[in-house]
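Readers should treat all values here as calculations from the given coordinates under stated rules, not as data from a laboratory. This one's a predicted model, so the numbers in the text were calculated from it and none came from an experiment. Cβ placement follows ideal geometry from the backbone for every residue including glycine, while neighbour counts extend to all protein chains displayed.
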Amino acid sequence: MEQTEAFRILASADRQLVLHTLVERDREASVEELSQQVAARRHRVPPEKIDDREVERAQVRLVHTHFPRLVDRNVLEIDWSDRTVALSDDECLDRLFEAAEELDGWPPTDLLKHPTD
């Protein structure tokens, strides 16, 4: 993966959140967990308080837009039978995270904070 493509992948907050969540969860999570995390972080509420409609919208964005792009670039592997998403073992992943380290906003800490209420 060229650096330019790595930055294109990292240009989406949703994709950054997916990647960060997978790193936090030892490289694997369910589609539902990722959808809930992305929705909660996007709306800045604790995951247990996020509205189901927002989780569903996040899941639609992930499944139809972000996951296919990440799978095509060998960043993710998805097992649809058990709805599990995992980081790939491809060397492109190393280049992607090297590019991420060059970003001022990596990890996406501004998106990771939830209100305490």
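Looking only at segment 1-43, how many residues end up being among the aliphatic types (A, V, I, L, M) and farther than 15 Å from Asn74 by Cα? Outline the logic, then answer.
First, pick out the residues of segment 1-43 that are among the aliphatic types (A, V, I, L, M): 1, 6, 9-11, 13, 17-19, 22-23, 29, 31, 34, 38-40.
Retained after the next criterion (residues that are farther than 15 Å from Asn74 by Cα): 11, 13, 17, 23, 29, 31, 34, 38-40.
Residues that pass the stated criteria total 10.
Can you pull out the residues in segment 12-32 that are part of a helix (DSSP H, G or I) and either polar (S, T, N, Q) or at positive phi (or both)?
Residues satisfying the conditions are Gln16, Thr21.
Out of (1) within 20 Å of Asp26 (Cα to Cα); (2) free of Cβ contacts under 8 Å to residues at least 60 places away in the same chain; (3) of a type in the set (D, E, K, R), the odd one out for Glu54 is which?
Of everything listed in (1) within 20 Å of Asp26 (Cα to Cα); (2) free of Cβ contacts under 8 Å to residues at least 60 places away in the same chain; (3) of a type in the set (D, E, K, R), Glu54 misses just condition (1).
Listed here are the residues, each with its yes/no results for (1) within 15 Å of the chain's Cα centre (by Cα); (2) over 27 Å from Met1 (Cα atoms).
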{"site": "Val31", "(1), (2)": "yes, no"}
{"site": "Val38", "(1), (2)": "yes, no"}
{"site": "Arg41", "(1), (2)": "yes, yes"}
{"site": "Asp52", "(1), (2)": "no, yes"}
{"site": "Leu62", "(1), (2)": "yes, no"}
{"site": "Asp94", "(1), (2)": "no, no"}
{"site": "Leu103", "(1), (2)": "no, no"}
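Determine, yes or no, whether Val45 is in contact (Cβ under 8 Å) with a residue 24 or more places away in the chain, surrounded by fewer than 17 Cβ atoms within 10 Å (Cβ to Cβ) and assigned to a loop (DSSP other than H, G, I, E, B). It would help to see each step written out before you state the result.
On the way: in contact (Cβ under 8 Å) with a residue 24 or more places away in the chain: yes; surrounded by fewer than 17 Cβ atoms within 10 Å (Cβ to Cβ): yes; assigned to a loop (DSSP other than H, G, I, E, B): yes.
The answer is yes for Val45.
Name the single residue that is farthest from the chain's Cα centre (by Cα) among those in segment 70-92 being within 15 Å of Leu22 (Cβ to Cβ) and part of a helix (DSSP H, G or I).
Here is the first cut: in segment 70-92, the residues within 15 Å of Leu22 (Cβ to Cβ) are 70-71, 73-79, 83-90, 92.
Among the residues that remain, those that are also part of a helix (DSSP H, G or I) are: 70-71, 92.
Details: Leu70: 9, Val71: 12, Cys92: 16 Å.
Going through the qualifying residues, I end up with Cys92.
Select from segment 57-80 the residues that are in contact (Cβ under 8 Å) with a residue 60 or more places away in the chain and among the charged types (D, E, K, R) and write down the one among them that is surrounded by the most Cβ atoms within 10 Å (Cβ to Cβ).
Filtering first and then ranking leaves Arg73.
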